[in-house]
Amino acid sequence: AFGVLPPEGTLKGQFLAMSWLTSTFAEVPPDASDEVVERYTRAYLLFLFATVLFPDKSGDGISLLYLPLLLDLNDLGRYSWGTAVLATLYRNLCRSSQLKSRQISGPLILLQLWSWERIAIGRPIIGTPKSQAGHEHEQGVHPLGSQHVFRVDPLG
């Protein structure tokens, strides 16, 4: 999948050391072939899955559970990733609500964004940005767009 075998000690069961993945695939070479670009894309997507979409409490480990789904990049659009991420969030919220649970994991950024949209407590206060000169922006032209509602819409 990556075109290179991880060194000994970077694989523990189904977990790959994130430090190895990020250092090995940090920057795509300028003269990379399409195959090499696909390998770097797989590495980036696996990193994204492990840190944003399906994070867990494994620390430096990235679960290789999703690697088979990344083998054919053309198939990625066939999967319902939003459903999988939401199911992961729900499962982790259920686990964390258990009496003896002391930690929580999962795509908690989704929970934060949901709460910003529905609960006023803890919502960031959004002010109108000022220009470099220190003056307010011209009337009628809001830098956040015409759909922005002052002190209501979160920027998440």
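Which of (1) closer than 17 Å to residue 4 by Cα; (2) open to solvent by 70 Å² or more (accessible area, probe 1.4 Å) is the odd one out, the single condition residue 37 does not satisfy? Of (1) closer than 17 Å to residue 4 by Cα; (2) open to solvent by 70 Å² or more (accessible area, probe 1.4 Å), only one is false for residue 37: (2).
Taking the range 79-121 as the search range and keeping residues that are outside any loop (DSSP other than H, G, I, E, B) and open to solvent by 100 Å² or more (accessible area, probe 1.4 Å), which one is farthest from residue 69 (Cα to Cα)?
Going residue by residue through the range 79-121, those that are outside any loop (DSSP other than H, G, I, E, B) are 81-96, 108-118.
With the extra rule that they be open to solvent by 100 Å² or more (accessible area, probe 1.4 Å), the set shrinks to 90-91, 95, 114, 117-118.
Details: 90: 22, 91: 21, 95: 26, 114: 28, 117: 32, 118: 34 Å.
So, considering only residues that are outside any loop (DSSP other than H, G, I, E, B) and open to solvent by 100 Å² or more (accessible area, probe 1.4 Å), the one farthest from residue 69 (Cα to Cα) is 118.
The single condition from (1) loosely packed, with under 15 Cβ neighbours inside 10 Å; (2) part of a strand (DSSP E or B) that residue 26 fails is (2). All of (1) assigned to a loop (DSSP other than H, G, I, E, B); (2) open to solvent by less than 60 Å² (accessible area, probe 1.4 Å); (3) within 29 Å of residue 4 (Cβ to Cβ) hold for residue 46 with one exception: (1).
Going by the conditions given, is residue 134 in a loop (DSSP other than H, G, I, E, B), more than 18 Å from residue 48 (Cα to Cα), open to solvent by 50 Å² or more (accessible area, probe 1.4 Å) and modelled with pLDDT under 80? Answer is no for this residue. In this structure, is residue 66 at pLDDT 85 or above, in contact with a helix residue (DSSP H, G or I) (Cβ under 7 Å, 6 or more places away or on another chain) and not small (Gly, Ala, Ser)? Yes, satisfied. Residue 76 meets the conditions (1) open to solvent by 40 Å² or more (accessible area, probe 1.4 Å); (2) under 18 Å from the mean Cα position of the chain (by Cα); (3) free of Cβ contacts under 8 Å to residues at least 40 places away in the same chain in every case but one. The failed one is (1). Restricting attention to the range 55-73, the residues that are touching a residue at least 12 places away in the same chain (Cβ under 8 Å) and not in a loop (DSSP other than H, G, I, E, B) add up to 9. If you check residue 83 against the conditions, is it modelled with pLDDT of 90 or more, of a type outside the set (Lys, Arg), in contact with a helix residue (DSSP H, G or I) (Cβ under 7 Å, 6 or more places away or on another chain) and under 28 Å from residue 112 (Cα atoms)? No; evaluated as a whole, the condition is false for this residue.
The values are calculated or read from the model by the stated rules, or taken from the named source; none is laboratory data. As the structure is a prediction and not an experimental result, all values here were calculated from the model. Positions of Cβ are backbone-derived with ideal geometry, glycine not excepted, and every protein chain shown enters the neighbour counts. The area values use the complete protein model at the heavy-atom level, side chains included, leaving out ligands, DNA and RNA. Shrake-Rupley method; radii C 1.70, N 1.55, O 1.52, S 1.80 Å.
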